[in-house]
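A quick write-up on the structure given underneath.
The values are calculated or read from the model by the stated rules, or taken from the named source; none is laboratory data. All of these numbers come straight from a predicted model, not from anything done at the bench. Note that each Cβ is placed from the backbone with ideal geometry, even for glycine, and that neighbours are counted across all protein chains shown.
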Amino acid sequence: MLRLAFTAALLLLGGCEQTRVTLQHLDLWGFRLFGQSLLSDTGYVRIKEVHLNNRVLLGKPVIVAGALQKVGAQRTYLVMTDSSAKLVVDLTKLAAAEREQLDDDGAQGSVRLKVFGVVGISNRGHPHLLAKALRPLGNT
């Protein structure tokens, strides 16, 4: 109810595009603080859902949780897994400080992450996640 009232107030105060951007920033802020979106219905999806429903989820924000399998040499991407599949997560839009949190020194599969990002499709047709924020969930 509070979410609906706040969203309606934002729509009345500004233009649609400006409101959409504001809502995205507030959701990002909420994810960084609490691990979930505050205003939108952005929810958890399994990695398999990203692969199977990539056309439906394309361009939409989602939250994905899984185990860190690999971090790229320049920390521009990572590979995460869950019980259903693997997913490449593009880290190029993250701040350097957030990327430096990632450590791939033998921690493969033992560090769990929660990633807030937007679903995209590569040139070869493979889905990936463009990360906007990430939260380590600790070791398994």
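Quick notes on this structure:
- Count of residues meeting criterion [among the β-branched types (Val, Ile, Thr) and within 12 Å of the chain's Cα centre (by Cα)] in region 70-94: 2
- Residues in region 41-100 that are under 18 Å from residue 112 (Cβ atoms), loosely packed, with under 12 Cβ neighbours inside 10 Å and at pLDDT 85 or above: 83 only.
Residue-by-condition table, conditions (1) under 16 Å from residue 31 (Cβ atoms); (2) outside the structural domain of residue 26 (by TED's automatic domain parsing); (3) of a type outside the set (Val, Ile, Thr):
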| site | (1), (2), (3) |
| --- | --- |
| 55 | no, yes, yes |
| 63 | yes, yes, no |
| 74 | no, yes, yes |
| 79 | no, yes, no |
| 83 | no, yes, yes |
| 90 | no, yes, yes |
